[in-house]
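Participant: Below is a structure I'd like to ask you about.
The values are calculated or read from the model by the stated rules, or taken from the named source; none is laboratory data. It should be emphasised that the depicted structure is a prediction, and the values quoted were computed from it without experimental measurement. Ideal geometry is used to build each Cβ from the backbone, glycine not excepted, and the neighbour counts take in all protein chains shown.
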Amino acid sequence: MDKKELSFKDYSLEKQFIDYWDGVVRQWLCKNNDWKKMTDGETEEARATKEQRQIIEAINKTYKNDSKYKINTIHMPEPYWGNPTDCSIVLMNYNPAGGQRVNRHTTISCKDCQGCEPLTDEDKKIIGATTFIKYVKENGYSHFAADESPVFKTEEILGADKKWFWDEDNGYEGYSWWQQKCGWLDHLVEIICGKKDDERWPFAMELCGWHSKEWKTDLKWIENCRTIIKERTIFPLLKAMEKSLHGSPTKIAVCIGAGFSKTSLEKFFQDEKQDVAFQDVTKQIYDNINRKYKGEIECKDSEFKDLFNQMNFEKDNIHIVANWKVEQKEKNNDAIEDKSEKKNRNYRVYKINIRESSNDNKYYILNTNYSGKNSHPGKHFWKFEKYLIDEIKNFENNAGLE
């Protein structure tokens with residue numbers, strides 16, 4: 001893009017993230033998904049949408065021989081959920097939801113789309129007038145994502161006026177996915193903050209706010225869009241961390257999925273030598289945990305002890321194996337057989353120093369994944385996560401800090 005790159009210290013969360021995505025979504029809604037019209041002109045909305053068009057075309061060019069990985073702009077972009085300026089915890093996600101099927105909460109008719117076919121007459125019958133699209137058009141995306149945060153609320157809290165959102169047959173298809181994460185997110189908030197937070201919602205952001213039927217972790221297109229993603233994803237991640245976690249001096253964001261490898265993250269910071277320093281501290285954290293466990297900790301909890309016995313450093317990750325108890329019914333009767341199977345989890349820890357900062361905050365990203373999949377850790381791993389996060393908080397006083 002023909003523009004000067006923003007530095008971290010000059011970056012405005014409200015202007016370069018919230019207003020930016022409001023503009024992109026507004027263009028998508030008003031221009032009927034006609035890319036030529038959406039990106040025409042020099043308005044803020046047109047320039048923002050032009051950047052997103054660059055990302056979409058880079059992705060689709062990378063996967064030109066496999067349509068299932070292509071971005072499908074028939075769906076409205078969903079770049080984030082929650083309020084980045086007032087949140088309990090920051091979650092970074094690399095997997096855009098959605099696919100090729102029509103959903104009445106995220107779909108409008110489209111022209112000249114990338115990666116999809118125009119809607120049929122039957123498709124248009126599915127799309128109602130009083131849905132997600134209408135609400136967002138009237139109130140703005142940021143208002144809906146931040147003030148309503150429906151993906152983090154139960155149907156009782158949502159109430160009858162939001163029945164369209166959580167309805168079992170016609171509801172928003174991403175709701176159940178986020179509801180599966182809510183217990184884990186509450187757990188993270190409690191162990192990072194040291195207390196529960198019933199007033200502030202998580203802030204969950206996407207590497208790519210658009211939709212594809214499937215998603216590859218082989219993100220070759222990042223190099224062509226590195227500046228855009230840095231300014232629209234990485235910088236707002238760090239800025240939101242400043243606003244979160246009750247003013248805690250240690251800021252820990254969590255990202256799910258193997259897409260955020262050390263190599264990928266380093267690319268975003270390689271031009272920020274004056275403002276931001278990036279460091280992979282996974283090995284040091286692992287050594288500290290291992291030394292403390294072997295030399296100091298008497299673990300009376302057998303399940304917790306078993307986890308530590310299954311901890312190792314593998315492929316630059318802290319690798320944990322847990323025995324997962326599974327109940328299986330016999331085929332011919334109702335008898336239940338208890339079986340146990342092993343599940344594994346990888347954790348990586350990155351430290352980010354922001355130079356010339358006005359505060360003493362310490363920033364960390366905890367990257368967790370399971371065999372490259374975008375799924376949250378089950379409860380069997382939560383006890384280990386508590387110990388891991390406590391060790392991240394104590395890291396400044398531990399031996400081995402560079």
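Participant: For the stretch 253-263, enumerate the residues that are modelled with pLDDT under 85 and either assigned by TED's automatic domain parsing to the domain that holds Asn346 or outside any helix (DSSP H, G or I) (or both).
Facilitator: Ile256, Gly257, Ala258, Gly259, Phe260, Ser261
Participant: Between a residue in the stretch 134-161 that is acidic (Asp, Glu) and any residue that is modelled with pLDDT of 85 or more and surrounded by 14 or more Cβ atoms within 10 Å (Cβ to Cβ), which pairs come within a Cβ distance under 8 Å, given they are 6 or more apart or on different chains?
Facilitator: What qualifies is Asp147/Asn83.
Participant: Still on this model: Name the residues in the stretch 1-50 that are acidic (Asp, Glu), surrounded by fewer than 20 Cβ atoms within 10 Å (Cβ to Cβ) and either without any contact (Cβ under 8 Å) to a residue 24 or more places away in the chain or in a helix (DSSP H, G or I) (or both), would you?
Facilitator: Asp2, Asp10, Glu14, Asp19, Asp40, Glu42, Glu44, listed by residue number.
Participant: Tell me, please, whether a residue that is touching a helix residue (DSSP H, G or I) at 6+ places or on another chain (Cβ under 8 Å), modelled with pLDDT under 60 and loosely packed, with under 12 Cβ neighbours inside 10 Å can be found in the stretch 331-349.
Facilitator: no
Participant: Residues of the stretch 228-250 being more than 16 Å from the chain's Cα centre (by Cα) and at pLDDT below 85, which ones?
Facilitator: Glu242, Lys243, Leu245, His246, Gly247, Ser248, Pro249, Thr250
Participant: Given Asp147, Asp197, Asp123, which one is at pLDDT below 80, in the same structural domain as Ile55 (by TED's automatic domain parsing) and part of a loop (DSSP other than H, G, I, E, B)?
Facilitator: From the options Asp147, Asp197, Asp123, the qualifying one is Asp197.
Participant: If you don't mind, there's one more thing I want to ask. Can you confirm whether the stretch 163-175 contains a residue that is touching a His at 6+ places or on another chain (Cβ under 7 Å) and at pLDDT 75 or above?
Facilitator: Within the stretch 163-175, one or more residues are touching a His at 6+ places or on another chain (Cβ under 7 Å) and at pLDDT 75 or above.
Participant: Can you name every residue in the stretch 55-70 that is closer than 23 Å to Leu29 by Cα and either surrounded by fewer than 18 Cβ atoms within 10 Å (Cβ to Cβ) or of a type outside the set (Val, Ile, Thr) (or both)?
Facilitator: Glu57, Ala58, Asn60, Lys70 - these are the residues of the stretch 55-70 that are closer than 23 Å to Leu29 by Cα and either surrounded by fewer than 18 Cβ atoms within 10 Å (Cβ to Cβ) or of a type outside the set (Val, Ile, Thr) (or both).
Participant: Please name all residue pairs, on different chains or six or more residues apart, with Cβ atoms under 7 Å, provided the first residue is in the stretch 182-198 and is farther than 17 Å from Ser149 by Cα and without any contact (Cβ under 8 Å) to a residue 60 or more places away in the chain and the second residue is buried (at least 19 other Cβ atoms within 10 Å of the Cβ) and not basic (Lys, Arg).
Facilitator: Lys196/Val189
Participant: Out of the stretch 71-92, which residues are surrounded by fewer than 23 Cβ atoms within 10 Å (Cβ to Cβ) and charged (D, E, K, R)?
Facilitator: Answer for the stretch 71-92, where residues must be surrounded by fewer than 23 Cβ atoms within 10 Å (Cβ to Cβ) and charged (D, E, K, R): just Asp86.
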